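Undergrad: Got a structure here, written out as structure tokens. Questions coming.
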Amino acid sequence: MNDWEQRYQAGETGWDRAACSPALAQWLENGLSPCRIMIPGCGRGYEVVELARRGFAVTAIDIAPSAIAHLQAALHAADVTAEIISGDLFDYKPDVPFDAIYEQTCLCAIRPNQRGAYEARLFEWLNPGGRLYALFMQTGAEGGPPFHCDLLAMRKLFDASHWQWSEHLPLFVPQRSGRFELGYQLIRQ
């Protein structure tokens, strides 16, 4: 059993809002429209269901079987479909790149030494000109998960050779824990 599955089994899912992130609603209001979209580390997949309801072609991946089972039941109950992959996202290679990626809690969940490999995957998974809708967790603390996503470190990780950062102010998304996320749109070069 992997660490994430153990957390689901033990009910240690403090990150789970039991609903979509408010960031998704804001991005949908501001131009995110139906396309082929990927959600890495989707968890129970509230955003997967909402995007599928709105006509997006959604592909989602998670390593925790319990989260995937919950998502499959939610898709069935909503009478919508999405491609669901149970497995390690570092092993995933799509046949065709995506138009958009919704990155909510995956980056802050993986170990910081995996971030370079993850950024490379995101770049590979997106079409040129594709959009990365990223929420960067702000914990202000050492350790994790969730691991702090310092904005200077994020600017270095998602640098100008691969990514164009939006000039808009970031979305501010509070967490129950007192932490918060900052949401940015990045465009793949």
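Undergrad: Take the conditions modelled with pLDDT of 95 or more and part of a loop (DSSP other than H, G, I, E, B) and apply them to ALA153. Does it pass?
TA: No, not satisfied.
Undergrad: Turning to a different aspect of this structure: I'd like to check something: does segment 17-26 contain any residue that is surrounded by fewer than 18 Cβ atoms within 10 Å (Cβ to Cβ) and more than 20 Å from PRO146 (Cα to Cα)?
TA: yes
Undergrad: If you scan segment 156-178, which residues turn out to be farther than 14 Å from LEU107 by Cβ, over 17 Å from the mean Cα position of the chain (by Cα) and not in a strand (DSSP E or B)?
TA: ASP159, ALA160, SER161, HIS162, SER166, GLU167, HIS168, LEU169, ARG176, SER177, GLY178
Undergrad: Now a separate question. Can you tell me which residue is surrounded by the fewest Cβ atoms within 10 Å (Cβ to Cβ) among those in segment 27-54 that are among the aliphatic types (A, V, I, L, M), over 18 Å from ILE110 (Cβ atoms) and in contact with a strand residue (DSSP E or B) (Cβ under 8 Å, 6 or more places away or on another chain)?
TA: So the residue we want is LEU32.
Undergrad: I'd like to check something: does segment 90-104 contain any residue that is exposed (fewer than 12 other Cβ atoms within 10 Å of the Cβ), over 25 Å from ARG54 (Cβ atoms) and modelled with pLDDT of 95 or more?
TA: Yes, segment 90-104 has at least one match.
Undergrad: Being touching a Lys or Arg at 6+ places or on another chain (Cβ under 8 Å) and within 16 Å of ALA134 (Cβ to Cβ) is the filter here; which residues of segment 1-39 pass it?
TA: LEU28, LEU32, listed by residue number.
Undergrad: Residue by residue through segment 55-82, note down the ones that are surrounded by 14 or more Cβ atoms within 10 Å (Cβ to Cβ) and over 26 Å from GLY14 (Cα atoms).
TA: The answer is PHE56, ALA57, VAL80.
Undergrad: Another question, then. Tell me which residues, restricted to segment 52-70, are over 28 Å from GLN164 (Cβ atoms) and in contact with a Phe, Trp or Tyr (Cβ under 9 Å, 6 or more places away or on another chain).
TA: The answer is ASP62, ILE63, ALA64, PRO65, SER66, ALA67, HIS70.
Undergrad: Also: Return the total of residues in segment 1-39 being in a helix (DSSP H, G or I), more than 27 Å from ALA57 (Cα to Cα) and without any contact (Cβ under 8 Å) to a residue 24 or more places away in the chain.
TA: Of the residues in segment 1-39, 3 are in a helix (DSSP H, G or I), more than 27 Å from ALA57 (Cα to Cα) and without any contact (Cβ under 8 Å) to a residue 24 or more places away in the chain.
The values are calculated or read from the model by the stated rules, or taken from the named source; none is laboratory data. The model shown is predicted, which means the values in this text are computed figures rather than measured ones. When we count neighbours, we look across all protein chains shown, and the Cβ atoms used for this are built from the backbone with ideal geometry, even at glycine.
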